[in-house]
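The values are calculated or read from the model by the stated rules, or taken from the named source; none is laboratory data. Keep in mind it's a predicted model, so treat the numbers as computed, not measured. Backbone-built Cβ (ideal geometry, glycine too); neighbour counts: all protein chains shown. Accessible surface is based on the protein model in full, side chains and every heavy atom, while ligands, DNA and RNA are left aside. Shrake-Rupley method; radii C 1.70, N 1.55, O 1.52, S 1.80 Å.
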Amino acid sequence: MSLLKRLEKEKEKVRNDKPLTQSTTVINMPQIFDPWRELKGTIHHETIKTIKTDILDPEEVRKLTEKVMEDYIESNSITLPRLEKQRIILEVIDEILGFGPITPLLNDDNISEIMVNGPNQVYIERQGKLEITNVTFYDDAHVLHIIEKIVAPIGRRIDESQPMVDARLPDGSRVNAIIPPLSLKGPIITIRKFSKDPYTAEDLISFGTLTWEMSQLLQACVQGRLNIVVSGGTGSGKTTTLNVLSSFIPEHERIITIEDAAELQLFQSHVVTLETRPPNIEGKGAINIRDLVRNALRMRPERIIVGEVRGGEALDMLQAMNTGHNGSLTTGHANTPRDMLSRLETMVLMAGMDLPMRAIREQISSAIDIIVQQSRLRDGSRKVTHITEVLGMEGDIIVAQDIFKFEQTGVDSNGHVLGGIKPTGIRPRFLDRLTAAGQVLPDSLFIG
């Protein structure tokens, strides 16, 4: 939604509603004491009413807010310190143009995650560590107001009939919100922020997430059209790694991305982005990832990238990988490469097809070439702990071997995990396929 439309929507709300600060709480929560709460509510209310629809420049909005503020405090003989006045003006502007109290957190590039646990408690993740902030909302209704500002521009809704929603911010950051009655602490917002400039392989090397040798191998695997699954736990950095892998895809190829909420940032010129759709107010019209994977196969894809497989769409993805769509990429939740293979078996069963387990395992072993295992270690650092090759079947078992592996040697006095990522010394079987595709890697890359 454009700024123009958003301001129009705010103006309409002001005409038909009362100021933000007079809204009713959803559940009984302690109120945050703010001596200037009523003043901020009034300034916000009056500024919205006087904004002209052709004003799109944030600087103009700031000037208008300052004028409304000066006029109001002068006409009401209010004495206000200069710093306090500037703080109130900034908070009002954040309410109008941004996302309320969390706007400064969103603008801080050092913060990777924001967790709003009701109106009184906001946590952030900075450099892998959780910190509590002094940011607060007025009440539950204030948090709900911000959730609605996030979800409305992308055509999503949240209410008692649909109390959970996945969304995204204009910069691509991922948002999840859940409200009462499912949440007993009030409305909850979780925002996974993404860097304005997407991370590159060089960035991940500098962070210690992977090594130069691993980067060379993964680049060759992507360009050599091997099928790759990035596996890891929640918050381990799977999407960041998937984004880096996607950057290795040649510019001329047609790429179709499929996600619940579009997060991937690809800069190739021929990219088609598909996003799922939740059901409407009548509970109909939902489009899930499985529907989109099936449709993508009719769109002449050269690469299919699925943000995350978590259900029956795994079967469609495996079938696509097995029927000429080599070089596909996806992520999944699992703690080890072996767990990822087991999870894929479970997800295929969720498709409702009555397939024997051996047939499922054959599908998996023939479709998946590489599993990249990502982990978030106890010190908050994120590392690719395994690059594992899927070899095929031996009897009824899927056989895999590690090409690179992280070995932890201990923890230092500051709590930092010690260890390194080393090759296992095994020469991958897929090297011949890479060589045939023009991706030649020296054997020295795999020697520890």
Q. Is it the case that Val271 is touching a strand residue (DSSP E or B) at 6+ places or on another chain (Cβ under 8 Å), among the β-branched types (Val, Ile, Thr), free of Cβ contacts under 8 Å to residues at least 24 places away in the same chain and closer than 27 Å to Ser366 by Cα?
A. yes
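Test Ala261 against the stated conditions and say whether it is of a type in the set (A, V, I, L, M), modelled with pLDDT under 90 and open to solvent by less than 20 Å² (accessible area, probe 1.4 Å).
yes
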Item to complete: Please work out if Ser161 is of a type in the set (S, T, N, Q) and under 22 Å from the mean Cα position of the chain (by Cα).
Response: no
Checked the stretch 170-181 for anything more than 10 Å from the chain's Cα centre (by Cα) and closer than 16 Å to Lys149 by Cβ; matches are Pro170, Asp171, Ala177, Ile179
Restricted to the stretch 123-138 and to residues being free of Cβ contacts under 8 Å to residues at least 24 places away in the same chain and more than 12 Å from Asn110 (Cα to Cα), the residue surrounded by the fewest Cβ atoms within 10 Å (Cβ to Cβ) is Asn134
Quiz item: Any residue in the stretch 180-195 that is surrounded by fewer than 17 Cβ atoms within 10 Å (Cβ to Cβ), within 22 Å of Thr234 (Cβ to Cβ) and among the hydrophobic types (A, V, I, L, M, F, W, C)?
Solution: yes
* To do: Answer with yes or no whether Lys49 is basic (Lys, Arg), surrounded by fewer than 19 Cβ atoms within 10 Å (Cβ to Cβ) and at pLDDT below 70.
  => yes
Pairs returned, first residue in the stretch 404-429 that is free of Cβ contacts under 8 Å to residues at least 12 places away in the same chain, second residue that is assigned to a loop (DSSP other than H, G, I, E, B), beta-carbon separation under 7 angstrom, 6 or more apart or interchain, are Leu418/Asp412
Checked against (1) open to solvent by less than 30 Å² (accessible area, probe 1.4 Å); (2) at negative phi; (3) not β-branched (Val, Ile, Thr), Ser112 satisfies every condition except (1)
Taking the stretch 239-252 and keeping residues farther than 16 Å from Val272 by Cα and either of a type in the set (A, V, I, L, M) or open to solvent by less than 20 Å² (accessible area, probe 1.4 Å) (or both) leaves Thr241, Leu242, Val244, Leu245
From the option list Thr79, Thr65, Thr103, single residue qualifying as part of a loop (DSSP other than H, G, I, E, B) and either modelled with pLDDT under 75 or surrounded by 15 or more Cβ atoms within 10 Å (Cβ to Cβ) (or both) is Thr79
From the option list Asn280, Asn335, single residue qualifying as open to solvent by 60 Å² or more (accessible area, probe 1.4 Å), polar (S, T, N, Q) and without any contact (Cβ under 8 Å) to a residue 12 or more places away in the chain is Asn280
